[in-house]
1. Considering only residues of the range 473-509 that are in a loop (DSSP other than H, G, I, E, B) and among the charged types (D, E, K, R), which is farthest from residue 448 (Cα to Cα)?
2. State yes or no: is residue 44 in a helix (DSSP H, G or I) and at pLDDT 85 or above?
3. Looking only at the range 428-472, how many residues end up being closer than 30 Å to residue 520 by Cβ, open to solvent by less than 80 Å² (accessible area, probe 1.4 Å) and not in a helix (DSSP H, G or I)?
4. Answer yes if at least one residue in the range 257-273 is touching a residue at least 24 places away in the same chain (Cβ under 8 Å), in contact with a His (Cβ under 9 Å, 6 or more places away or on another chain), surrounded by 18 or more Cβ atoms within 10 Å (Cβ to Cβ) and not in a loop (DSSP other than H, G, I, E, B), and no otherwise.
5. Filter the range 47-90 down to the residues that are outside any loop (DSSP other than H, G, I, E, B), of a type outside the set (Val, Ile, Thr) and farther than 20 Å from residue 142 by Cβ and list them by number.
6. Taking the stated definitions as given, is residue 301 of a type in the set (Phe, Trp, Tyr), open to solvent by less than 30 Å² (accessible area, probe 1.4 Å) and more than 30 Å from residue 55 (Cα to Cα)?
7. Scan the range 83-102 for residues that are in contact with an Asp or Glu (Cβ under 8 Å, 6 or more places away or on another chain), modelled with pLDDT of 85 or more and surrounded by fewer than 21 Cβ atoms within 10 Å (Cβ to Cβ) and report the count.
8. Looking at this structure, is residue 13 without any contact (Cβ under 8 Å) to a residue 12 or more places away in the chain and more than 25 Å from residue 250 (Cβ to Cβ)?
Amino acid sequence: MNAPLLQSTTIGQLLLARSLISQADLDKALSFQKQSKARLGAALVRLGAISEDTLLPVLAEQLSMTLLDEEDLPVRGDDLLRTMEQTGIAPAWFAEQGLIVWEGADGAIHCASRNPANSFLQETMALAVPSHALIWHFVRTRDAERLVKLLQPKQEAGYTDEIAHLKELAEEAPVIELVNNVLAQATDENASDIHVEPEEHEFSIRFRIDGVLQTRAVMPHERFAAVASRIKLISGLDIAERRLPQDGRITVRASGSDMDIRVSVVPGVHGESIVMRLLPKDRADFRLERLGMEADHLQQFMRWAKEPHGILLVTGPTGSGKSTSLYAALAVANDRQSKIITVEDPVEYKMRGVTQIQTQSEIGYTFSRALRAILRHDPDIIMIGEIRDVETAEIAVQSALTGHMVFSTLHTNDSIAAFTRLIDMGVEPFLVASSVRAVEAQRLVRRLCPDCAQPGTLPGGMEEMVEALRQRYPKLLDSEPNWRTACGCPACHQTGYRGRLGIYEFVDVSPAMQAAIMRRLPSHEMTAIARAEGYRNLREDGLIKAWRGATSLDEVLRVTGTTNAEEV
């Protein structure tokens, strides 16, 4: 498409043609535009249909302008102020308009704005510096605000403590756009969490992508009150309360996707730290094949999920994908002939054909209380979000012993430790041995970026260990090794990784393992029993995936630990 044709096509039509928005999003934005007189692009961002990072490249292409990245902008406020003095216009005007100007090496005045096509800005600058050529650029909001901070005098403190003023800040259009754009950008990048972290003079916005935090914006601290108030307002929290932790929830449309967002606010030295957990509503594909299990593990897990009674435990730290594995087990067990009830805190994903219950600890509706109630509903399968105390553990055990299948999670470092954890809670060893059918431990490792991963080699000293692994699992390692390393490219934000997959260790509670549990044998003896029955630990499973080139050896060692790396 040539430039004249691009310019004659509306931005809505361009975005629609490139499948970046839906017709419903466009219709809603056009309706909103008539009421608010906002630009169509700004309306789409404000309504959560698209992120600014997706919109601006299309706008820039449509108007034959460039979109500047952070490294293309001046880093010194002196350069900006010197150019502004040439125009004879006060710096406060530039700050108010969000306009950045500087003189380039070519003698032209470069003007960067979120809306460089604004005729008022163009005419004002043309009159102010008639002797210079003007070159107009698009700039992202976060970059413009970082530079605008250099032009603004320090604001007096005091008024921001007033509730009315905080609500007023939260309802300002630029703040609404900023928060909506952050949500849309995080959705575009498949982030699991958004962290808003205030410091003394600024605050940062970081996304957790593939389990690793990445900074996406650093903004002046003066804007933090408005951003925090906006997030608290839409999540139903008390704007005026800044001394106590608060938890809330938002249901929003971001970048064309319906999203549930759990919001947690805790007070800090420089302001409230905010974490938002993103839970896409349409993320309902819980097929086991997508989790990264090897063929033998996949077969074993499907067999466990279809057991008529007993307890299946999934263990691991927070953020290791335990809930996803449980939902996948439910999807296997959900044959529409069984009554399935879950007790969760919170309910992360909705599942068709499953009765899902949200606990409410503030009113005393805990896991144990909910479990006692649902047993009267004649369930065949029960999922408990987490076994946290002895009362919940004992109800789970009794449910398993009376003919129910129970799925749950437990916080332990490995699968063998789950037995010790239950006994330490106060459950009798013979009850643990007779009720628990299997334990699965897991972690998430990052997948290598397919666009930039480079061939790698096995570090010295690991050859014997890898060969022993190949001898034990000839069917899984039946091809030549494909060791690869991370490199970094624009597609993966220079991290070298894109997406995640699970690594697992499975322990089947066989008669020999039952005897070990009842005798309270130490973990190393239980591990020896499990290994004789086909068990492999997390690092071994990770090495199998690194062998195939799905992830790197460095990533496996990062997640499983580097201590005694040669001993597998």
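The values are calculated or read from the model by the stated rules, or taken from the named source; none is laboratory data. All values derive from a computational prediction rather than experimental measurement. In this analysis, Cβ positions are derived from the backbone assuming ideal geometry, glycine residues included, and neighbour counts consider all displayed protein chains. Please note that ligands, DNA and RNA were not included when accessible areas were found on the heavy atoms of the full protein model with its side chains. Shrake-Rupley method; radii C 1.70, N 1.55, O 1.52, S 1.80 Å.
1. 475
2. yes
3. Number satisfying all stated conditions: 8.
4. Scanning the range 257-273 turns up at least one residue that is touching a residue at least 24 places away in the same chain (Cβ under 8 Å), in contact with a His (Cβ under 9 Å, 6 or more places away or on another chain), surrounded by 18 or more Cβ atoms within 10 Å (Cβ to Cβ) and not in a loop (DSSP other than H, G, I, E, B).
5. 61, 62, 78, 81, 82, 84, 85, 86
6. Answer is yes for this residue.
7. The qualifying residues number 2.
8. Yes, satisfied.
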